[in-house]
Amino acid sequence: MRITITCGASDSDFPGFTNRQIQAAVNAAAGLGGGEVVLSRGTFALEDSVHMKTGVVLRGQGDGTVLLKDPMVEDLTMHNIGYGHCEIMVEHPERFRPGMGVYITDDRCSGGFLATQSTVTSVTDHLLGLTDPLNCDVSGANGGRIRTLFPLIKGSFEKNFAVRDLVLDGNRSANGKIDGCRGGCVFLIGCSHVTLTGLECRNYDRDGISYQQCYEIRTENCHVHHMAGHGLHPGSGTIRSQIVNCHIHDNGEDGVFYCLRTQYLLLQGCLIENNHRFGICVCHHDHYTDILDNTVRNNGWEGLFFQTILIDYGTGRDATVARNRFSGNGHTEDEPRYAEIQAVEAMDGHHMYDNVVEPGDKIPLILLKRNINTYIFDNNFVPVCGQDRIPGDESWYSSKNVGKDRSIDDYPITEETLAHLRHICR
């Protein structure tokens, strides 16, 4: 029998409505070998992430449980602090206290994995102690900044945990931008066997759900909307993840953004609509993906886009795109968009069938170059090929039905990839 610990209401095991009570409950459950932490109805104020631990399930009461990020505090850093230091010097230390989540950058390490996201451990004169070392030299003379920005839910090299049935509100109007490689309403790095179910992620000044270098992440029945960045951002070597039955809409960038080396991903049964850029964007070395049974509509750029390659080993190899419905995409005024679906010349091994593009003013599908291993059949449209967007005949694409039973499970994960996963998901 697994232990259950309650948090929030006055009669709870850990009464109180801040991240400190939630974290104490999560730590207690983890220390007892795992268990469930049940949050009561109410709004919890967060000055730092809830740091998930192996074996713990965090569960709320649906839309009655809200985790709300505190307003941002910021300051300039002083002097030069080098890579690997667990400290930073600030001009106004009185603005900070131990337990605050912080995001540290300067003009050279302004985002991505060079930025540092950490927690303040101490305040001594102008020196703040940090739980995590700096990922880059930070110079006050080079625009060094520290801001209280953090993921609302964070998992860092943990496994076998779940977050269910609660609202994550990023309080966007009172906060600033954090890069999606370091933050999100939910941010995971080096985690494995994680389930995110029944979450509403809203109003965060970057991405909704971002996971990097992870294995077996399942996101199901989540509602992700009004992010400044992407709705979902699976990336950086993540293997075998599933995004199922989610509603992803009104985000400032892409609905679903596959980042580098995201492989063996299932995207199924989602409604992806009204995002400012692509509905779905597949990028570099994002091989072996099943994009099935989704409705993708009214996004500013293409509904589905296979990105131009930056690296020799291509984009989106061995993708299956089936039974999706596209409509009204490509309406942005940012720049001209011509198609509901566009794929670059590097794609190889695509199977695209039983898709529907509803009639409109956009070309249903543009292929920049035909590949012999790409099969497009039993859709309600005929593709066009090349930069000139001229319809052709079957000599440049295959309409041959090669079967409809292929999936990512047909491509075994190599031992080299498994060894990599064992290293990062420790």
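None of the figures in this text is laboratory data; all of them are computed from the coordinates on show. Note that this is a predicted model, so its numbers are computed, not measured. Note that we place each Cβ from the backbone using ideal geometry, even for glycine, and neighbour counts take in every protein chain shown.
Mean 1/r over all different Cα pairs, inverted: what Kirkwood radius does segment 74-147 give, in Å?
Values: mean 1/r = 0.0864 Å⁻¹.
For segment 74-147, inverting the mean 1/r across all distinct Cα pairs yields 11.6 Å.
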Original post:
Put a dot 7 Å past each Cα toward the Cβ at Met72 and Asp132; how far apart are the dots in nm?
Top reply: 1.7
Original post:
Cα axis of helix 415-424 to longest principal axis of the chain: angle in degrees, 0 to 90, nearest 10?
Top reply: 30
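Multiplying the sequence separation of Glu335 and Ser10 by 0.36 nm and subtracting their Cα-Cα distance, what value in nm do you get?
111.5 nm is the gain from fully extending Glu335 to Ser10.
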**OP:** Kindly put Ile3, Ile81, Ile413 in sequence by how many other C-beta atoms sit within 10 Å of each C-beta, fewest to most.
**Re:** Ile3, Ile413, Ile81
Original post:
Once both axes come from the Cα atoms, what is the angle between helix 19-31 and the longest principal axis of the chain, in degrees from 0 to 90, rounded to 10?
Top reply: 80
Original post:
Measuring from label point to label point, each 7 Å out along Cα→Cβ, what is the Tyr411 to Lys369 span in nm?
Top reply: 1.9
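Over every pair of different alpha-carbon atoms in the chain, take the mean of 1/r and invert it; report that Kirkwood radius in Å. Don't jump to the answer; show the numbers that get you there.
Working: mean 1/r = 0.0446 Å⁻¹.
Kirkwood hydrodynamic radius for the chain: 22.4 Å.
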Original post:
So for Lys177, Lys154, fewest C-beta neighbours within 10 Å to most, what's the order?
Top reply: Lys177, Lys154
